[in-house]
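The block underneath contains the structure these notes are about, expressed in structure tokens.
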Amino acid sequence: MRWPLLGGSYTAQGLIANAQRCINLYPENNPSDAPVPVTHYHTPGLETFIAGLGQGRGMFVASDNTWYGVSGGSVWWVNAAGVQTILGTIPALFTPVRFVDNGLSLLILDGTTTGAWEIVLATKVFSLFTDPTGLFQGATLGAYLDTFTIFNVPGTRQFISTLSNTLEFDATYIASKTAHPDLLAAPVVVHRELWLIGEKTSEIWTTVVDQDFPFAILPGAFVQYGCPAPYSIATADISVFFLSQNDQGGGMVLRGKGYSTVRISTHALEQEIQKYPTLTDAIGYTYQEHGHIFYVLTFPTADKTWVFDEATQMWHERAWMDIEGKLHRHRVCSAVWSNGALYGQDWESGTVYKMNSSISLDAGQPILRLRSFPHLPTIKTQRGEKGLEGKRIRYDKFMADISVGQMPLTSTPPVDLNKLLAQEVNIDLILGQGPLDDTFAILLEAAAAVTPAPILLLRWSNTRGVSWQGSLMQTMGAAGEYLTAPSWWRLGIARDRVWELSWTAPCNVALNGAWVELRELVS
């Protein structure tokens, strides 16, 4: 029977309900005439474009299509030829920065009350921004709407606006979030309306004509959620995404659209997020590739990255693998689209990467791709589907439904795969018998070093995802070996077994699921 993969990451609070992980793969829905409803594809790899200057803090493409960024304390811009120029320095804090652009100048905000820094777009002149009135004293986030530039006043419920088409301020152009006494986290413009996202509630304002103050609250446009992590806020199209909280609790991820919000996180993700030591340092950004809009949400202290795909409404994990085979949060902290390409900034070094799914390594390091399967509650027979009802099942064959023969051509001579598979006795010593411990990728990396054919690893759990065993390897075929069928035979007997496939092959691979041959045994 064919066994398709239908969802994304979903590791439920009770593994007996669901134990699926989806790491560095994203699901894509197929048309109705495809052999399976969903195929999993590679997330982007990273290729070094500009060397780092210090901790990555943010990047931005301004209205004149010029690309700017901050690394450590260095402020820089990149011209159309990809040449980086240092413009000046700001305090080298560990917090992200955000940018706001009014068409003439670009302001850099670091979340403190020490002010901001200005880049004149036409001349690239960089300087500390000063407000003679003393009204503006720094901000966390800024927004631009209908010729006005808007900022939160840190530590208050207030927001402040410039006069039209200028960076000058007036004492009358200040107002407060009014519907609830929580502090204002950030102003955000969505669909030409101003969202005032507070720490526990949010409200929506709009521009008004011929008034003493250019903004007014929209009656009834109130959201009963705020945000504990202002840097988690990101926009795409006519939506705003953010990590939420209110008086009842926190840890849900929301998408704001129109005058309301929709919960996009799953119970499994919320249960995971609420275990993290802190949520206030969460960082979010959005980007688009192959028609998918991705919202990337990273938790630095927890060392985790989760990604929501707007096209499928599914979540997956992103991670990079260190030289010890352990998984960490994804390396990119911000991304921009410039000169027809996507670029990402490294949170640790500030290195700028080219970022797309045709790149199969993370700056030269292998990328672990992993997909675990859902529980199998029924089997298909000639008479239709039949519930397993806790029966013992004998697994005669498991064959991965995965693209093969995709390895780039190489001059490396082939190696006898039997010699490689003979090392199987040592695999479990590396892998361990417990849950995924993030070290088994060392084995896959070593295998790739001695054979030109990418290796696929199969594990399974007879305890519904609590402990794992197996660790069996098969080839996915060297370059051009398109008829290879990665298969495993005589896989034992179990009730409610959970399967898992993983690889680190430096090539693009697509995964549909598997075919299984099994038979029901008398209990």
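Hey, any hits in segment 8-18 for a residue that's part of a strand (DSSP E or B) and more than 26 Å from V188 (Cβ to Cβ)? Checking segment 8-18: at least one residue is part of a strand (DSSP E or B) and more than 26 Å from V188 (Cβ to Cβ).
Test N30 against the stated conditions and say whether it is at pLDDT below 95, surrounded by 15 or more Cβ atoms within 10 Å (Cβ to Cβ) and not assigned by TED's automatic domain parsing to the domain that holds T85. First the steps, then the outcome.
Numbers: at pLDDT below 95: yes; surrounded by 15 or more Cβ atoms within 10 Å (Cβ to Cβ): no; not assigned by TED's automatic domain parsing to the domain that holds T85: yes.
Considered against the rule, which asks whether it is at pLDDT below 95, surrounded by 15 or more Cβ atoms within 10 Å (Cβ to Cβ) and not assigned by TED's automatic domain parsing to the domain that holds T85, N30 comes out as no.
Among the listed residues G344, G291, G387, G284, identify the single one that is at pLDDT below 95, within 30 Å of T66 (Cβ to Cβ) and not hydrophobic (A, V, I, L, M, F, W, C). Unique residue meeting the criteria: G291.
Right, A92: under 18 Å from Y231 (Cβ atoms) and either at pLDDT below 95 or not in a strand (DSSP E or B) (or both) or not?
On the way: under 18 Å from Y231 (Cβ atoms): yes; either at pLDDT below 95 or not in a strand (DSSP E or B) (or both): yes.
Spelling it out, A92 is indeed under 18 Å from Y231 (Cβ atoms) and either at pLDDT below 95 or not in a strand (DSSP E or B) (or both).
Quick check on my filter: what residues within segment 29-87 are more than 23 Å from the chain's Cα centre (by Cα) and part of a strand (DSSP E or B)? If the condition is that a residue be more than 23 Å from the chain's Cα centre (by Cα) and part of a strand (DSSP E or B), then S74, V75, W76, W77, V78, Q84, T85, I86, L87 are the ones that fit. Among the residues making up segment 313-326, those that are more than 14 Å from the chain's Cα centre (by Cα) and either assigned to a strand (DSSP E or B) or in contact (Cβ under 8 Å) with a residue 60 or more places away in the chain (or both) are M321, E324, G325, K326.
When T278, T305 are checked against the criterion of being of a type outside the set (F, W, Y), buried (at least 23 other Cβ atoms within 10 Å of the Cβ) and either out of contact with any helix residue (DSSP H, G or I) (no Cβ under 7 Å at 6 or more places or on another chain) or not in a loop (DSSP other than H, G, I, E, B) (or both), a single residue qualifies: T305.
Just a yes or no: is a residue in segment 206-229 of a type in the set (F, W, Y) and surrounded by fewer than 18 Cβ atoms within 10 Å (Cβ to Cβ)? Checked against the condition, which is being of a type in the set (F, W, Y) and surrounded by fewer than 18 Cβ atoms within 10 Å (Cβ to Cβ), segment 206-229 yields at least one hit.
In segment 96-118 there is at least one residue that is modelled with pLDDT of 95 or more, among the aliphatic types (A, V, I, L, M), exposed (fewer than 15 other Cβ atoms within 10 Å of the Cβ) and out of contact with any helix residue (DSSP H, G or I) (no Cβ under 7 Å at 6 or more places or on another chain). One residue stands out among those in segment 475-518 that are of a type in the set (S, T, N, Q), farther than 16 Å from D396 by Cα and in a strand (DSSP E or B): the one that is modelled with the lowest pLDDT, which is T475.
Residues of segment 231-248 being part of a loop (DSSP other than H, G, I, E, B) and crowded, with 24+ Cβ neighbours inside 10 Å, which ones? First the steps, then the outcome.
Here is the first cut: in segment 231-248, the residues part of a loop (DSSP other than H, G, I, E, B) are 233, 237-238, 247-248.
Across segment 231-248, the qualifying residue is only I233.
Mind checking which residues of segment 474-493 are hydrophobic (A, V, I, L, M, F, W, C) and surrounded by 17 or more Cβ atoms within 10 Å (Cβ to Cβ)? Step through it out loud before you land on a result.
Taking segment 474-493 and keeping what is hydrophobic (A, V, I, L, M, F, W, C), we get 476, 478-479, 483, 485, 488-489, 491, 493.
Residues satisfying the conditions are M476, A478, W488, L491.
The values are calculated or read from the model by the stated rules, or taken from the named source; none is laboratory data. All values reported here derive from a predicted model rather than from experimental measurement. Please note: Cβ atoms are built from the backbone with ideal geometry, for glycine as well, and neighbour counts cover all protein chains shown.
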